[in-house]
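Written out below as structure tokens is the structure these notes cover.
Each value in this text was obtained by applying a stated rule to the coordinates, not by laboratory testing. None of the values given here were measured: they were computed from a predicted structure. Positions of Cβ are generated from backbone atoms using ideal geometry, with glycine treated the same way; all protein chains shown enter the neighbour counts.
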Amino acid sequence: MADSFYSHDKKYYKNQHHSYSNRKKSKCFVETHTIAGVGENLSGNIPLTITVLPGAPQTIFEDFTDNHNKTLLQLTVPLKELPITVTIQSRRTNRPITATIPTGVTRIFQVEDFESLTASTASPNPGFFSVFIKKTFCICCNDRNDSCDEYYHEYDHNC
């Protein structure tokens, strides 16, 4: 388990005053969520088609948890579609990743502590693009069903 993590642009460190026996009771699980399409006789990274309405950016995916994660995003704008602008927000920074994906192009991003994906089109008509998202994250809990927060404290230079 890591000694630190980020949550809402703040760095947290593992409390050192807990005994080894308390830490030993903690259980950590690594899980993966996949956002994908389906298809007959298909396997692998099957994308999900998303409609992007004109006018304003729309949120495609948003993570409301504080779990540390690493996320792979595969984004494709099909032929005959206009470019789509995407914004990827991470909890580790206030500066999002913004990219315009041209027609017929696939972009792949790997992000730590992924928080949200938004998309927009400059077209007056709806646009389409395909997404495949694989998010691997860690959840740690202890045997007493206490909140995991007791094992962490906000980063403070006076610690």
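The table that follows gives values for the structure above.
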quantity	calculated
Residues being over 14 Å from the mean Cα position of the chain (by Cα) and either in contact (Cβ under 8 Å) with a residue 60 or more places away in the chain or outside any strand (DSSP E or B) (or both) - total across the range 84-113	5
Considering residues of the range 43-83 that are among the aliphatic types (A, V, I, L, M) and under 19 Å from the mean Cα position of the chain (by Cα) only, the residue surrounded by the fewest Cβ atoms within 10 Å (Cβ to Cβ)	Ile46
Residues that are assigned to a strand (DSSP E or B) and farther than 18 Å from Thr136 by Cβ, drawn from the range 49-74	Thr49, Ile50, Thr51, Val52, Gln58, Thr59, Ile60
Residues located in the range 30-70, provided they are free of Cβ contacts under 8 Å to residues at least 12 places away in the same chain and within 22 Å of Asp113 (Cβ to Cβ)	Phe64
Positions within the range 112-122 being among the hydrophobic types (A, V, I, L, M, F, W, C) and either surrounded by 20 or more Cβ atoms within 10 Å (Cβ to Cβ) or touching a Cys at 6+ places or on another chain (Cβ under 8 Å) (or both), in sequence order	Phe114, Leu117, Ala119
Number of positions in the range 105-141 that are of a type outside the set (Lys, Arg) and more than 16 Å from Val52 (Cα to Cα)	17
